[in-house]
């Protein structure tokens, strides 16, 4: 069964500094990766999707995927206090949305 | 996100029966119910594609999903248990097919508190 682990559990970064979040997964056949953001008591907002090794940028959000290392990361450029939220890594294999496994999340706080 | 609406937003129950509702205005064929307990990631409960139940996760029988049409999704709950306290998210996607890389769109959720 797929295991998705995120680190760190919580992260505090000053406004304007780069924020980096990590996610490891256990199933090497995984090929569908998304980073979601969840503000308190609200739904999930997709930030960036990546399906092959390398880098994918969506605005200030960049995902890096290295499937050989079972690792996907999210980097947030010039974070703002409004980016404070829980960030969830979502991984699935060829079954697409039927078999999404979410990580437990990283709570990111951006200090002004 | 007002394209997927869920009602009610908050629900406090004793051991009553209640239904959660979701409607999406995106023209999507697939709809999902996710449960997110406190401090945990979302977990898939049910997936419908074109009104057909595609995936029925192992959830207690007191949760009964219903999809009256492809834009609406209901979750009927009877005799709730304290362990059911969670936020229930509705989501949708274009096709909901296997081998699909399409993204999910989530509603704001219904927070269920069981007394």
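Being over 11 Å from the mean Cα position of the chain (by Cα), within 23 Å of residue B:94 (Cβ to Cβ) and within 9 Å of another protein chain (Cβ to nearest Cβ) is the filter here; which residues of the range B:1-40 pass it?
Scanning the range B:1-40 gives B:1, B:4, B:30.
Go through the range B:41-95 and count every residue that is more than 14 Å from chain A (Cβ to nearest Cβ), assigned to a strand (DSSP E or B) and more than 26 Å from residue A:37 (Cα to Cα).
So the count comes out to 9.
Could you count how many residues in the range B:1-15 are assigned to a strand (DSSP E or B), at pLDDT below 80 and loosely packed, with under 13 Cβ neighbours inside 10 Å?
0
When you look at residue A:20, is it touching a helix residue (DSSP H, G or I) at 6+ places or on another chain (Cβ under 8 Å) and either within 14 Å of chain B (Cβ to nearest Cβ) or not in a loop (DSSP other than H, G, I, E, B) (or both), yes or no? Before the answer, list the steps.
Numbers: touching a helix residue (DSSP H, G or I) at 6+ places or on another chain (Cβ under 8 Å): no; either within 14 Å of chain B (Cβ to nearest Cβ) or not in a loop (DSSP other than H, G, I, E, B) (or both): yes.
No: the conditions fail for residue A:20.
Residue A:82 - would you say it is closer than 30 Å to residue B:10 by Cα and either within 12 Å of another protein chain (Cβ to nearest Cβ) or under 12 Å from the mean Cα position of the chain (by Cα) (or both)?
Details: closer than 30 Å to residue B:10 by Cα: yes; either within 12 Å of another protein chain (Cβ to nearest Cβ) or under 12 Å from the mean Cα position of the chain (by Cα) (or both): no.
Here the answer is no, as residue A:82 does not meet what is asked.
Identify the single condition in (1) surrounded by 15 or more Cβ atoms within 10 Å (Cβ to Cβ); (2) within 14 Å of another protein chain (Cβ to nearest Cβ); (3) out of contact with any helix residue (DSSP H, G or I) (no Cβ under 9 Å at 6 or more places or on another chain) that residue B:113 does not satisfy, given that it satisfies every other one.
The failed condition is (1).
Can you confirm whether residue A:10 is under 14 Å from the mean Cα position of the chain (by Cα) and surrounded by fewer than 20 Cβ atoms within 10 Å (Cβ to Cβ)? Let's see the steps before the verdict.
Details: under 14 Å from the mean Cα position of the chain (by Cα): yes; surrounded by fewer than 20 Cβ atoms within 10 Å (Cβ to Cβ): yes.
The answer is yes for residue A:10.
The values are calculated or read from the model by the stated rules, or taken from the named source; none is laboratory data. Just so you know, these numbers come straight off a predicted model, no measurement behind them. Every residue, glycine as well, gets a Cβ built from its backbone with ideal geometry; the counts of neighbours run over all protein chains shown.
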